C-alpha cells in the first residue's frame, strides 16, 4: 500500500479512531464512490460497520436515478444505504447555503439515528484548490480563503474529510483499477458554472507552479491565521458579550478600542447565533454594521434587530424574519423552531409553534414582568392552536411548555 496514496491517507486519518460504526456520504460521483470503497476496505480489517447515505435535494431530475445507482453499489459491498430527501425548504434564504445546511442536518439526523460515531465526506485536494480560486475571484478575506476543516461538528454530529490531501485523478485511477463506474454530473462540463471555469484555469495555472498542491497549502496556511483570529474573538467575547434568552448583548464601551476587523468577526458570529443561519452576512453589509455600531445607531441585518440602549447593543431576532416560520410535529415529540429553539410540552393534534407576534403578546398577561424587551418577545417561540395562544414560554406564560436554545448553540463562541 502506497503510504501517500488514497489507501495510506485514509488509514492515517482513521488511525486512532475507536469508532465501531462509520457513515459515508455518497453522491455517486468519483470522489465519494472512491471514499466508500476505501472505507469498506479499511473496515474489513478493523471490525467496523459501514453505513452510507445519499442526499436528494429535490433540485435535479437525475437525482433519484443517481441515488438508486449508489444503492446498487452499496448492495454489492454489503453496506446499508439510505436516501435522505430534502422536503422542507420554505423558499427563503440563499438556495446554495440552505441546501448545504439541509444536507448536513439530514446527514446528522441519519447518523444519530444509527449511532454512527462520524460521517465521512469525499472532499479532495482539488476541491480545496478550486474553492480557494473561486473565492479569491469574489474578493474573499482570510476566512473565505482558508482550508476546509478535516474534522468538524455540525448539528451535533462529527464529520470528517479524510481525502483533503488526495488528488481527484488518483481517486479515479483507484476506481478504474476496480472497474467501478461513477456518475458525471453534466453540469461539470458546462462553462456557465464558476467551478467548471476554475477547473480549466487551474490546469493553466499549474504551468507556472500554482497547482492544486500549492493552492491547498496556501489555504492551510490561511486556516492557521483564521483560527488565531477566531481564538482572539472568543477571548474578547468572554469580557464583552452576554446572552439573554436567545438575545446577545454587547457592551459598546468594552469593544470600542478594538479594530474594525475584530468587531466585524464578533458581530458576524453574533448574527449567526441569533439568526440560526450557517453563513455570515456579506462583507459590505458588515462594514456598514460596524460603522453603525461605532456611531451607536440601530440596524437590521441577517434577520436580526440591533438596538442601542444605555451603552449596550442588544441583538435579537427580527419578527419579520420569522413571521412565516411554523413548526409542528407528532404528539409528544420535541420540536425545533427557527433552527435554534427546542420546544417541549404537552403536545396535542393541531398545535403549532409560531412567533408570538403583536396578536399573541396581547394575550399574555403581565408580559412586561418577564424582563425581555417587546421586540425580542414578538419574535420568540410560542405555541398556538389556530389563532388562540396556548403558551409563550419566554414571556413568562409557560403553561407547562419550555423553549430552550439547541445544545450546539447554547454557549456563544465556546
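Only the coordinates and a few stated rules stand behind these numbers; no lab work does. None of the values given here were measured: they were computed from a predicted structure. Virtual Cβ from ideal backbone geometry, glycine too; neighbours counted across all protein chains shown.
Here are a few things to note about the model shown:
- Normalised convex hull volume, the chain, alpha-carbon set, Å³ per residue: 165 Å³
- Label positions at residue 323 and residue 149, each projected 7 Å from the Cα along the C-beta direction, are separated by 3.6 nm.
- Computed FRET value (nearest 0.05) for residue 358 with residue 18, which takes r as the C-beta separation and R₀ as 41 Å: 0.20
- Potential lengthening between residue 194 and residue 117 on full extension [0.36 nm per residue; Cα-Cα distance subtracted]: 24.3 nm
- Extension gain from residue 137 to residue 49, taking 0.36 nm per residue of separation minus the Cα-Cα distance: 27.5 nm
- Using the rule -39500 (n - 2.57) for each DSSP H run of four or more residues, divided by the residues of the chain, the 222 nm mean residue ellipticity is -12500 deg cm²/dmol.
- Sites residue 204 and residue 310 - FRET efficiency at Förster radius 51 Å, r taken between beta-carbons, to 0.05: 0.30
- Bridge type composition, the chain - antiparallel percent by DSSP, nearest 5: 70 percent
- Whether region 6-216 is rounded, prolate or oblate, judged on the alpha carbon gyration tensor where a/c under 1.5 counts as rounded: rounded
- Remark: spin-label model distance residue 294-residue 408 equals 3.5 nm, labels positioned 7 Å along the Cα→Cβ axis.
- Chain lengthening between residue 242 and residue 90 when straightened (0.36 nm per residue, less Cα-Cα): 51.6 nm
- FRET efficiency, residue 224 to residue 72 (Cβ-Cβ, R0 41 Å, nearest 0.05): 0.45
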